[in-house]
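The values are calculated or read from the model by the stated rules, or taken from the named source; none is laboratory data. What you see is a predicted model; the values in this text were computed from it and never measured. Heads up, the Cβs are rebuilt from the backbone with ideal geometry, glycines too, and the neighbour counts pull from every protein chain shown. Just so you know, the surface numbers come from the protein's heavy atoms only, side chains and all, with ligands and any DNA or RNA stripped out. Shrake-Rupley method; radii C 1.70, N 1.55, O 1.52, S 1.80 Å.
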Amino acid sequence: MLKKVLNPFASLLLILTLASSVFISCQDQYSYDNEEPSWLGSNIYDYLKSRGDFNYTLKLIKDLNYTETMQLTGSITLFVSDDAAYEAFFKNNSWGVRSYDDLTYAQKKMLLKYSYIKNAYVTDQLANYYYGGVFSEGLAMRRETALSALDTIAFKRGDNLPSTDYWKSYQSKGLYLMEDATNKPLVFYSDPFFIRNNINAEDFSILTNGLTRTTGDFHVFDNKVVEKDIVCKNGYVNVLSSVLIPPSNMAQYIENKSTTKIFAKLMDRFCAPYFDKTNTDLMHELNVSFYDSVFVKHYFSAVGGKTITPNGKSITNQLPYDPGWNLYAAASIYPDMAAMFVPTDQAMMSYFNSGVGEILKNRFGSWDNIPDDIIIPFLKRHMRTSLIESVPSRFSKMVDAENYRLPVTSSEIEDAYTAVNGLVYTTNNVYPPVDYISVYSPILLSDNSKIFNWAINITETASDGKTTFAFYKLYLNSLVSKYSVFVPTDEYFTNYLDPIAWGQDVPAALKYAYDNETKAVKAYVYKYDKTTGQAGTLIDSIKTQSFLKNRLWDLLDSHIVVGDVESGEKYYVTKGNDLIQVNGTGTSMVVKGGYDKANNTSCSVTKVFRQSNGSTYFLDKPIQPALKTVYKVLSETPEFSEFFALLNGIPDTCTSQIFKKQGVDFRVNFFNAYRYTIYVPTNTAIEDAISHGIITPWDQIYAMTDTKAQSAAINKMIRFLRYHFQDDAVFFGQTVNDVYQSATIKLDGEYSYWNTSKNKYYKLGVVGDASSMKLTTEQNKQVNVDNSKGLVNIIAKDYIFDKKISEYKNADGTGSGTSLFNTSAITTSASAVIHQIDNVLTFQ
């Protein structure tokens, strides 16, 4: 029976031999009937023996019973080291062996079996591979070897095991542990791989700690092949410059390296020993006296690791991949592997003791005390899924999994190590996640900002119906914009005035609190006395997610400013279009919302954090937005009474109303979710305009008998009134020189001072400084803001709720409404700043 031969050269010989039998004749026999081609050489074993300088390799082959394999097996690619390399190895090696006789049986297996691939390849062809039926040329950098994972099993205990709860029971009694249950592949660097992936010589030098390469060079890890592609009957032999010991995987290397202990310990939190029945049974088959159990070390990850604990519980905090997975692969193991940037212990402590990292230290005291959910983004940031996309020539283009730039430079690389599953860069710098460097960082890392942190991490579902995302976290982590974020710390959320509860017949205030057991926020509802400003009896507690999301997101919007609030201005607009007053800088800053300003309350800054995309300010009280509407302010201010009477005089039958019953009481009907300025003429100015015929009073309009004339007069009045409402908020005392849009549309093509086109909104010019503000109308009429009575910079806010406020029951459950207070929702809002002016505004 013919023995199946896989070697290409032996196959060729067989074909030639069979072919010769077809042409039987009286001539001389075919020359290869009784001899082999001279170019084929001897078998691998005989070749090594004939060389005379591979005695240590021959000993390994003999001791491991591989002589026949090396003589007869038809497909082998073997990497060997000569005797001189072994002599150098015995003088200095990580195993501590000083002679061949010191080698254990397991070590011998590692030296021999890791050095050969069970197929015959010339080195240039090693970079070619088939995967999924597709041939890829020049892209491979890894191949599996003959070394089995079982060949590397070890018994471990004590300090050789992680110190987490998963490992505690084994620290004293020990266990047979496989660092991974998959085989260790061989990593090689070849011309085809470098060319196809556009990796240059400088990249290679950094990857291999200073080695150089020229065209045609071939390296196994950082071990150069000094003789390539020696042809033998049963394969190819390649001679290495030094002895090849199976390298570690990334996790092993980081764990064993003396200068990366802090990072290794952080990673160890996310691994556990898992009983492996298959390998336990195999060990028993190989050694009948073995009755123990074999465990495998797995890291928590959906990629190559485990997603449940050894006792079956689901794991929330997972790494992007298992760094101990020898055969790490995004798809196929051949074309790529992972990469990690691992800071030295010195870099880790330097980061922890200064700058942004000091927030971590102040909160947790040590790296060990940082909770898993906070440390996992840190680890993820340093773990890369592709070496090819992480070579030094691509450092400037690297982004992390959340698409934030990873700012690594070549000068920060201390050294590099090619592991079997990835490249480990040891760095002298830390690359914190954006969560650590943005304005969100102090909220995440501080112990007394849990309420805001919880609100920021509320997720939404994307339009695909599957993807979830935390909008406010993404928003505050944006490094493109600059933010000023105000954070009332948890202990000060005791008396927040909710606009819906404020507007009800039985007013109420909310106290927000974080529950450490449920890891969620609750709202406690108290009766509120508007006269004393004090909260009274507890009415209810609300933990409904929709209610808390609605209210806390509204609160977040009123505490975020896009830009720098220390720019020298006194007033700023928040993300939610609330208007706030800011005085002072740093921890001397005092902030007031509309309600605070009207009621002489304020928020003081207790801490300031300067972050990469702005500043975070901790406050001793929530900023309280205005609770009075434009309608309420105008109706309650005697100096605004004549203007309010005109606004409120529009007939109910008219569709173009200024006010609409909605929100707390009434809102300006044409306001959107924006901020506005309202200019209110003095009562005297209104009376003068009536006496001079500029304004036709309502009593005269009501008395008109000509309906057409009456309709025109009503329309004229409405357009006159709306010209006093301006888009965008400008403040008295602010330096301003600009032109703004009013709420009145130009209906003709006649000339106007601001050259407003037909069907566009009439404009107002505003020029102001620290002590004055002047308006210029479309008639080039000059009107002054009148600060003689202090009636400037009055802030009002108009809300829209999902229902009329009367449709809700009071917060205490009383009232005629049909919907409970805890189902109420704020839909949107608009803010306005109100100024008194000394004359009416006219546009024609």
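In this structure, the amide hydrogen of Arg384, modeled 1.01 Å from its nitrogen in the peptide plane, lies closer than 5 angstrom to those of Ala339, Met340, Phe341, counting only residues at least 5 positions away or on a different chain.
All other residues whose Cβ lies under 9 angstrom from that of Val296 are scored, Lys and Arg at +1 and Asp and Glu at -1, for a net of -2.
At a Förster radius of 25 Å, what calculated FRET efficiency corresponds to the Cβ-Cβ distance of Ala513 and Ser354, to the nearest 0.05? Don't skip to the end; give the middle numbers.
On the way: r = 34 Å, r/R0 = 1.35.
So, using R0 = 25 Å, E works out to roughly 0.15.
Mean residue ellipticity at 222 nm, helices only, the chain: -7000 deg cm²/dmol; runs of at least 4 DSSP H residues each add -39,500 (n - 2.57), and the sum is divided by the number of residues. Applying 1/(1 + (r/R0)^6) with r as the Cβ-Cβ distance of Arg405 and Glu285 and R0 = 60 angstrom yields a FRET efficiency of 0.70. Annotation for Asn780 and Thr164: the two label points, set 7 Å from Cα along the Cα-Cβ direction, are 7.8 nm apart.
Loop sites only, by DSSP: take the GluC sites (Glu not before Pro) in the chain that have at most 10 other C-beta atoms within 10 Å and name the longest stretch containing none of them. Display every interim value, and only then the final one.
Details: sites that count: Glu35, Glu517, Glu750.
Between exposed loop sites, the widest span is 36-516.
Of Lys522/Lys570; Lys549/Lys789; Lys549/Lys774; Lys59/Lys224; Lys49/Lys224; Lys482/Lys660, which ones are farther than 32 Å apart at the Cα? All intermediate terms of the calculation are to be shown ahead of the outcome.
Values: Lys522/Lys570 34 Å; Lys549/Lys789 41 Å; Lys549/Lys774 43 Å; Lys59/Lys224 23 Å; Lys49/Lys224 22 Å; Lys482/Lys660 37 Å.
Among Lys522/Lys570; Lys549/Lys789; Lys549/Lys774; Lys59/Lys224; Lys49/Lys224; Lys482/Lys660, the Cα-Cα distance tops 32 Å for Lys522/Lys570; Lys549/Lys789; Lys549/Lys774; Lys482/Lys660.
Based on protein heavy atoms only, region 236-338 ends up with 40 Å² per residue of surface accessible to a 1.4 Å probe.
On C-alpha positions alone, give me the angle between the axis of helix 8-22 and the longest principal axis of the chain, in degrees, nearest 10. The answer is roughly 50 degrees.
Using the average count of surrounding beta-carbon atoms within 10 Å as a protection proxy, the listed peptides 167-175, 46-54, 316-324 rank, highest first, as 316-324, 46-54, 167-175. Across the chain, Cα pairs under 8 Å and at least six residues apart give a relative contact order of 8 percent.
Only beta bridges with both residues in the chain are counted; by DSSP, about 75 percent of them are antiparallel.
This model, with +1 at the C-beta of Lys and Arg and -1 at the C-beta of Asp and Glu, gives region 247-319 a dipole about its Cα centre of some 440 debye. If you take all other residues with their beta carbon under 10 Å from the beta carbon of Thr677, and give Lys and Arg +1 and Asp and Glu -1, the sum is -1.
Averaging sequence separations of C-alpha pairs under 8 Å and six or more residues apart, then dividing by the length of region 461-600, give the relative contact order as a whole percent. The partial results should precede the final answer.
Numbers: 190 pairs, mean separation 21.2, N = 140.
Over region 461-600, the number comes to 15 percent.
With both labels modelled 7 Å from their Cα along Cα-to-Cβ, the Lys543 to Ser819 distance reads 2.4 nm. Per residue, region 684-770 exposes 54 Å² of solvent-accessible protein surface, assessed with a 1.4 angstrom probe and all protein chains in place.
On C-alpha positions alone, give me the angle between the axis of helix 372-381 and the longest principal axis of the chain, in degrees, nearest 10. It is inclined by approximately 70 degrees. The accessible surface of the chain, taken with every protein chain in place and a 1.4 Å probe, is 48 percent carbon and sulfur.
Can you compute the FRET efficiency between Tyr702 and Gln741 using 1/(1 + (r/R0)^6), with r the Cβ-Cβ distance and R0 = 41 Å? Round to the nearest 0.05. Given R0 = 41 Å and the Cβ-Cβ separation, E is 0.85. Helix 277-286 axis versus longest C-alpha principal axis of the chain: approximately 10°, rounded to the nearest ten. Under the criterion of Cα pairs below 8 Å and six or more residues apart, the relative contact order for region 302-443 equals 30 percent. For the chain, the dipole from Cβ point charges (+1 on Lys and Arg, -1 on Asp and Glu) about the Cα centre works out to 1160 debye, to the nearest 20. In terms of its C-alpha gyration tensor, region 696-757 has an oblate overall shape, because the principal axis ratio a/c (a ≥ b ≥ c, square roots of the eigenvalues) is not below 1.5 and a/b does not outweigh b/c. In order along region 152-158, the phi-based Karplus estimate (6.51 cos²θ - 1.76 cosθ + 1.60, θ = phi - 60°) of 3J(HN,Hα) comes to 10, 5, 9, 9, 10, 7, x Hz; Gly and Pro are listed as x.
Full extension of the chain between Phe155 and Asn128 gives 5.9 nm of extra length, using 0.36 nm per residue less the Cα-Cα distance.
Coupling constants for region 702-709 follow from the phi torsions by the Karplus curve (6.51 cos²θ - 1.76 cosθ + 1.60, θ = phi - 60°), and in residue order they are 4, 7, 5, 9, 7, 4, 5, 5 Hz; glycine and proline get x.
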